[in-house]
Amino acid sequence: MSAGGPHIPVLIDAILSHCAPIEGRWLDGTFGAGGYTRALLEAGAEQVIAVDRDPLAFDMAADWANEYGDRLVMQPGVFSQLDTYASDLDGVVLDLGVSSMQLDQAGRGFSFMKDGPLDMRMSQGGPSAADIVNGVEEETLADILFHYGEERASRRIARAIIAARPITTTLELAGVVGKCLPRPKPGQSHPATRSFQALRIAVNNEYGELYQGLMAAERALAPGGKLAVVTFHSVEDRMVKRFLTARAGQQANANRYAPETTKSAAQFAVKSRKAIGPDDAELAANPRSRSAKLRIATRTDAPAGDIDAKSIGMPQIKGTL
């Protein structure tokens, strides 16, 4: 299903079916090109608060946003603050993939396939990828590539980047990374894929926003409200899975010889511990969905609380970015 716009909303049919009936007030934490928001409104949501940190997202929606009147509220912002935008919500949707509209614009600096400034800032403010590439110490840069991009050649790539400084464009960086790795075989991803992913995550504090955003969603959802999170790589999915497992009261004792800890009331009910993936029809229509995983949970009436970042597998980077 495509809800309009250049961005095909991944796993939207699964979200609509598993969260049915779609009603009440929802928050779309990654508005992007509006795919999830429009699908939720068409499915019966009374109102959607559409949140995005990229000002361009709302500019692009100007041609159609008025169709929905006050059913659509566009809110500049980030995951970590979503509970300040709305409360007693019937649903929260978070799509953690980078938007195609960002990848397609060379001037935004997200793509290693198009030459542009080494930027990668979703909010178009704050330190850029160039600031990190040219400013941090080698050890910190290697840690970013390894922990955020799961790049096994992180130390070799970090040394090459340090030697090539200053690096100011996307193709310059892609070239430096490419020389550190074997030429890809047909069907394999570009050698710079993991490094660009890692830098994008660092620039936008994506793991920190996800960690804080999951707790913010817990605070914002009404009892019975649905949380649906779409991830695209293993670190994100691990964080979401561990968060929901812990908040559903299913976390195992770390030491079987230690006394049983008293479990507090669960904040979420999780139907299945197994993530939902795309079906054959979606894979054929949208190859971008191949790595997507969807996890859904229902909010209980237990009080919201905090959870330690390390306990849900959030990568920890030493040094200053």
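Which pairs do you get when a residue that is closer than 18 Å to Arg53 by Cβ, found in the range 114-143, comes within reach of a residue that is among the aromatic types (Phe, Trp, Tyr), reach meaning Cβ atoms under 6 angstrom, with the pair 6+ apart or on two chains?
Met120/Phe110
Among the numbered criteria (1) without any contact (Cβ under 8 Å) to a residue 24 or more places away in the chain; (2) closer than 17 Å to Gly109 by Cα, which one does Leu171 miss?
(1)
Identify all residues within the range 116-173 that are assigned to a helix (DSSP H, G or I), within 19 Å of the chain's Cα centre (by Cα) and hydroxyl-bearing (Ser, Thr, Tyr); write none if there are none.
Across the range 116-173, the qualifying residue is only Tyr148.
In the range 299-321, which residue that is surrounded by fewer than 16 Cβ atoms within 10 Å (Cβ to Cβ) and among the hydroxyl-bearing types (Ser, Thr, Tyr) is modelled with the lowest pLDDT?
Thr320
Working only within the range 279-295, note down all residues that are buried (at least 17 other Cβ atoms within 10 Å of the Cβ), under 13 Å from Ile8 (Cα atoms) and modelled with pLDDT of 90 or more.
Glu282, Ala292
Give the range 50-102 a look and list any residue that's assigned to a helix (DSSP H, G or I) and of a type in the set (Lys, Arg), or say none. Outline the logic, then answer.
Residues of the range 50-102 assigned to a helix (DSSP H, G or I): 55-63, 65-71, 79-85, 100-102.
The answer is Arg71, and nothing else.
The values are calculated or read from the model by the stated rules, or taken from the named source; none is laboratory data. The structure presented is a predicted model; accordingly, all values stated were derived computationally and were not measured. When we count neighbours, we look across all protein chains shown, and the Cβ atoms used for this are built from the backbone with ideal geometry, even at glycine.
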